[in-house]
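Right, one structure below, let's go through it.
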Amino acid sequence: MPLTLYYHPLASYCHKVLIALYENETPFTPHLVDLGDPEARAKFAALWPLAKMPVLRDEAKDRTVPESSIIIEYLEQHYPGPAPLIPADPDLARHARFGDRFFDIYVHTPMQKVVEDRLRPEGRKDPHGVEQAMAALRQAYGMIDRQMAASRWAMGESFSMADCAAAPALFYADKLLPLGGHPNAAAYFERLRQRPSFARVLREAEPYFAMFPQA
Ligand SMILES: N[C@@H](CCC(=O)N[C@@H](CS)C(=O)NCC(=O)O)C(=O)O
């Protein structure tokens with residue numbers, strides 16, 4: 001099995017790639033990285049100096065591939081499965097990539113900002129930044145709600161890389177700012193939770209959820 005995924009079961013960007021792997025039943029070896037362990041962190045940083053997860057290592061091609069969106073692109077190109085996550089049609093492909101960017105930048109990034117702030121020591125917190133991040137989430141929820149009024153998945157009828165990006169971003173964002181007031185977005189989130197690939201990711205993350213910082 002040439003593919004190894006360096007990941008952590010709780011890490012949201014890792015969820016995005018795990019969904020893509022599970023959607024296509026792509027064989028891989030999971031390598032859990034504990035960034036809290038200095039030795040494990042140093043080993044991981046030797047592979048990818050930014051030490052951000054996930055990273056895919058392809059021994060067959062001697063390639064190290066960081067960045068969740070790029071990993072999904074790589075899998076689509078070199079290890080395609082029965083469920084393409086980026087459509088062949090260039091216009092639809094651009095649309096899928098746009099959805100991926102939207103969820104990463106406008107949901108995942110502000111969600112991470114709020115979660116990371118919870119981990120900061122007293123006196124080093126950034127309440128203004130958190131307020132801005134919560135406002136960004138609110139605005140994104142409104143847009144998702146309008147989009148999902150007439151859509152099953154982010155791109156319509158077919159599940160795509162945009163949904164891989166949406167699932168973990170919304171999962172953790174919902175813990176900070178519940179989606180409840182946005183019925184179409186909430187229904188979309190429920191469909192994502194029911195999707196077998198994401199349901200499996202959540203089951204595997206379950207033993208680690210106690211590590212998620214509460215407010
Ligand atoms: N843009 C990166 C973001 C990766 C990222 O932020 N990963 C988090 C886990 S979800 C991480 O490794 N955090 C550890 C750290 O920042 O030290 C991607 O799409 O893969």
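The values are calculated or read from the model by the stated rules, or taken from the named source; none is laboratory data. Please read these numbers as outputs of a predicted model, since none were measured by experiment. A quick note on method: Cβ atoms are made from the backbone with ideal geometry, for glycine too, and the neighbour counts reach across all protein chains shown.
Worth pointing out:
- Among the residues of the range 42-92, the ones that are within 20 Å of the chain's Cα centre (by Cα) and either under 14 Å from L5 (Cβ atoms) or polar (S, T, N, Q) (or both) come to 21 in all.
- Checking each residue in the range 1-29 for being within 15 Å of the ligand (Cβ to nearest atom) and not in a helix (DSSP H, G or I) picks out L5, Y6, Y7, H8, P9, L10, A11.
- Pairs meeting the criteria (first residue in the range 66-81 and farther than 13 Å from N24 by Cβ, second residue of a type outside the set (A, V, I, L, M) and part of a helix (DSSP H, G or I), beta carbons under 6 Å, at least 6 apart or on different chains) are S68/Y13; S68/K16; S69/D100.
- If the condition is being crowded, with 23+ Cβ neighbours inside 10 Å and either within 22 Å of I105 (Cβ to Cβ) or modelled with pLDDT under 95 (or both), then the range 13-26 contributes C14, H15, K16, V17, L18, I19, A20.
- Looking only at the range 45-66, residues that are more than 9 Å from the ligand (Cβ to nearest atom) and under 19 Å from S12 (Cβ atoms) come to 3 in all.
- Out of D174, D145, sole residue that is assigned by TED's automatic domain parsing to the domain that holds T109, part of a helix (DSSP H, G or I), over 16 Å from the mean Cα position of the chain (by Cα) and not aliphatic (A, V, I, L, M): D145
- Screening the candidates A93, A88 for the property of being closer than 23 Å to Q147 by Cα and loosely packed, with under 14 Cβ neighbours inside 10 Å yields one hit, A88.
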